[in-house]
1. Can we say Glu72 is outside any loop (DSSP other than H, G, I, E, B), acidic (Asp, Glu) and in contact with a Pro (Cβ under 9 Å, 6 or more places away or on another chain)?
2. I'd like the residue in segment 15-30 that is surrounded by fewer than 12 Cβ atoms within 10 Å (Cβ to Cβ) and not charged (D, E, K, R) and, out of all such residues, is nearest to the chain's Cα centre (by Cα).
3. Scan segment 56-72 and give yes if some residue there is surrounded by fewer than 15 Cβ atoms within 10 Å (Cβ to Cβ), touching a helix residue (DSSP H, G or I) at 6+ places or on another chain (Cβ under 9 Å) and of a type in the set (Asp, Glu), otherwise no.
4. Collect the residues in segment 1-16 that are among the small types (Gly, Ala, Ser) and more than 15 Å from Glu55 (Cβ to Cβ), keeping them in residue-number order.
5. Looking at segment 41-70, I want the residues that are at pLDDT 95 or above and have a partner that is open to solvent by 50 Å² or more (accessible area, probe 1.4 Å) with Cβ atoms under 6 Å, at least 6 apart or on another chain. Which pairs are those?
6. So which residues in segment 31-54 are in contact with a helix residue (DSSP H, G or I) (Cβ under 7 Å, 6 or more places away or on another chain) and either of a type in the set (Ser, Thr, Tyr) or loosely packed, with under 15 Cβ neighbours inside 10 Å (or both)?
7. Under 9 Å between Cβ atoms, which residue pairs at least 6 apart in sequence (or on different chains) link something in segment 1-12 that is in contact (Cβ under 8 Å) with a residue 12 or more places away in the chain with a partner that is of a type in the set (D, E, K, R) and not in a loop (DSSP other than H, G, I, E, B)?
Amino acid sequence: MIGQQMNLDFLLPLALEQLIQNPFGSGDLYIGDLFCSILKVEKEYWKEHKELKNELDEVIRTYEEARKTLEEHISKYRSDHL
C-alpha cells in the first residue's frame, strides 16, 4: 500500500519503525522491498511530514553504515579465500 501512496500517515510510522531495526527487512516481494517502497514516496509528502523524513534519513544512515561494514567484510573474505 505504501507503493501505491495509500494510508501513508498510518503505514509509514510503522514501516520506518521496522526499518530502523533492520533496513534489509522485507515486505512481500524481496529483501529490501519495504525500504524501496518508502524511498518512492512523493517529495511533497516528506515536505509536510518532516519528523517522518528525519526517521527515513536515520534509516538511510543505518543502511549505509551496514553496507559499508558488509562490503569491508566481503572484501576481506574474498582476499583471504580466493
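1. No; evaluated as a whole, the condition is false for this residue.
2. Of everything passing the filter in segment 15-30, Gln21 is nearest to the chain's Cα centre (by Cα).
3. yes
4. Once the filter is applied, which keeps residues that are among the small types (Gly, Ala, Ser) and more than 15 Å from Glu55 (Cβ to Cβ), segment 1-16 yields only Gly3.
5. What qualifies is Trp46/Lys53.
6. Matches in segment 31-54: Tyr45 only.
7. So the pair list comes out as Gly3/Asp33; Leu12/Glu55.
The values are calculated or read from the model by the stated rules, or taken from the named source; none is laboratory data. None of the values given here were measured: they were computed from a predicted structure. No Cβ is skipped: glycine too gets one built from the backbone with ideal geometry, and neighbour counts run over all protein chains shown. For the accessible areas, the whole protein counts, side chains as well, though only heavy atoms, and no ligand, DNA or RNA atoms are used. Shrake-Rupley method; radii C 1.70, N 1.55, O 1.52, S 1.80 Å.
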